[in-house]
Amino acid sequence: MHFDVPETDLIRWRRHLHEHPELAYREEATSAYVEEELRAIGVDGIERPVKTSLVAWVKGTKPTDKPTKTVALRCDLDALPVEEASDLPFKSKNPGVSHVCGHDAHMAMMLATAKVLAQHRDAFSGTVKFFFQHAEEQIPGGAADMVAAGVMEGVDAVVGLHVWNAKTGTILVATDRQASTASDSAVIRIEGCGAHGSAPHTGIDPILVGAEIVQALHTIVSRNINPEHFAVVSPTIFRAGTVVNVIPQTAEIGLNTRTKDPEDRKLIKERIFTICESVAKAHGAKVEVEWEQGYAAIEQSDDMINRALRVCRETLGEENVGTWHGMSASEDFSAFSAEAPGVYLILGCGSAEEGCPYSNHHPSFRVREEALPVGVRVEVAMALDYLNG
Ligand SMILES: [Zn+2]
Ligand SMILES: [Zn+2]
């Protein structure tokens, strides 16, 4: 199918959304704007599964004697609590909030994809659903809310796409089953017994207990996890004490974990609890571990991985499609891909060589707009290939 990407609209949408970012769970103006533009495009239906999320759809009219299918394309609406460092004319007007993960670009590409498909209903049979998801950046995440509201019912496949600090207009396909990692966190609170700095024998030193816990946590990946697996345990916070001549009463450790294998994820959690309880017990201290379950790893299907590789190579040329093991970061697209076969694509939107050295979430992260029509062509091609293929 030949089509033109509506580039003027694409840039207009992207700049408006970039200028008016909103935080997770508060995407009121963003979802209202998207809804208005979807109405102007003339999609076949729009629903609000959750207050600030949207599902829109376009039905193809191409005759077929086979049963029709439904494919969902997903983008996210929320921005980050980061002050943007930029002199763009459409810089964020919301102090302390900015689209430095590129979700503005995702929404604009999705609107353009909806417009193209609404103009070419005769080119496909079946249904394309457009998921505009709230709250990707904040646990527990908007995807789970949308799944609970039933958005995946009747959806046969789902495609996610994210802009990334890589060569403009290239696509990266994760060839590992997991396109991202599972992320969990914990806060470990150690209660010792405060004492005068000169009389340690009268207290229980929570700093020493904490130090032993940190050391032992670092043995989990090196001694308990298969070296072929991806796993990270990172103690990232250590707080204790206020004065140099006092042994404090308490210490607090914060940590973050990343895994791809669900068994590793379980094992790491168990080991963390065992280490904390055992080390504290050995010293007569008390410990409490507060666990925060994060997003699961994105599970892709082999069929969708292979389809994406073929479709992207056909659409963009072999030289513009790369493969990798997937990202070490986490994403709640995993909630959708747990319900139907899925694939998660990365779209390069500017590399260091192109003057964009900063990664997603950095105050100076930048999306080169030349990447956006490429994302639209990929989304359209993936939808058509799935429905007609
Ligand atoms: Zn992000
Ligand atoms: Zn993001």
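The values are calculated or read from the model by the stated rules, or taken from the named source; none is laboratory data. Values in this document were obtained by computation on a predicted structure and should not be read as measured data. All Cβ positions, even for glycine, are placed from backbone atoms using ideal geometry, and neighbour counts span all protein chains on display. Surface accessibility is based on the protein's heavy atoms, side chains included, excluding ligands, DNA and RNA. Shrake-Rupley method; radii C 1.70, N 1.55, O 1.52, S 1.80 Å.
For the reader, a short list of remarks on this structure follows.
- Between amide H atoms placed 1.01 Å from N, distances below 5 Å from residue 79 occur with 22, 23, 24, all of them 5 or more places distant or on a separate chain.
- For the range 78-83, Karplus couplings with θ = phi - 60° (6.51, -1.76, 1.60), whole Hz, Gly/Pro x: 8, 10, 10, x, 10, 6
- Over the chain, dividing the summed -39,500 (n - 2.57) contributions of all DSSP H runs of at least 4 residues by the number of residues returns a 222 nm mean residue ellipticity of -10000 deg cm²/dmol.
- Accessible surface for the chain, divided over its residues, is 43 Å² per residue with a 1.4 Å probe.
- Summarising the strand pairing of the chain, around 65 percent of its internal DSSP beta bridges are antiparallel.
- The 1.4 Å probe gives accessible areas that order 122, 156, largest first, as 122, 156.
- Rolling a 1.4 Å probe over the protein heavy atoms leaves residue 36 with an accessible area of roughly 120 Å².
- Axis angle, to the nearest 10 degrees, between helix 372-388 and the longest C-alpha principal axis of the chain: 70 degrees.
- Listed peptides 138-151, 324-337 appear in the order 324-337, 138-151 once ranked by packing, highest mean of other Cβ atoms within 10 Å at the front.
- Amide H contacts under 5 Å for residue 182, placed H, 5+ residues apart: 259, 260, 297
- Square roots of 5 times each gyration tensor eigenvalue, C-alpha, the chain, largest first, Å: 44, 23, 19
- Between residue 354 and residue 121, the FRET efficiency from the beta-carbon distance, with R0 = 41 Å, is close to 0.65.
- Close amide-amide hydrogen proximity is noted between residue 162 and 345, 346, 347, each under 5 Å apart and 5 or more residues distant or on a separate chain (H modeled in the peptide plane; Pro and chain starts excluded).
- Computed from label points 7 Å out along Cα-Cβ, the spacing between residue 234 and residue 302 is 3.3 nm.
- Within the accessible surface of the chain, defined with a 1.4 Å probe on protein heavy atoms only, the carbon and sulfur portion equals 50 percent.
- Across the range 11-20, coupling constants 3J(HN,Hα) worked out from phi with the 6.51/-1.76/1.60 Karplus curve, θ = phi - 60°, read 6, 4, 4, 4, 5, 4, 5, 5, 6, 10 Hz, and Gly and Pro carry x.
- Zone residues, the range 239-260, relative to residue 198, backbone N less than 13 Å from point 7 Å out along Cα-to-Cβ: 245-246
- Projecting label points 7 angstrom from Cα along Cα→Cβ for residue 242 and residue 62 puts them 6.9 nm apart.
- Most to least accessible of 87, 303, 176 (protein chains only, probe 1.4 Å): 87, 303, 176
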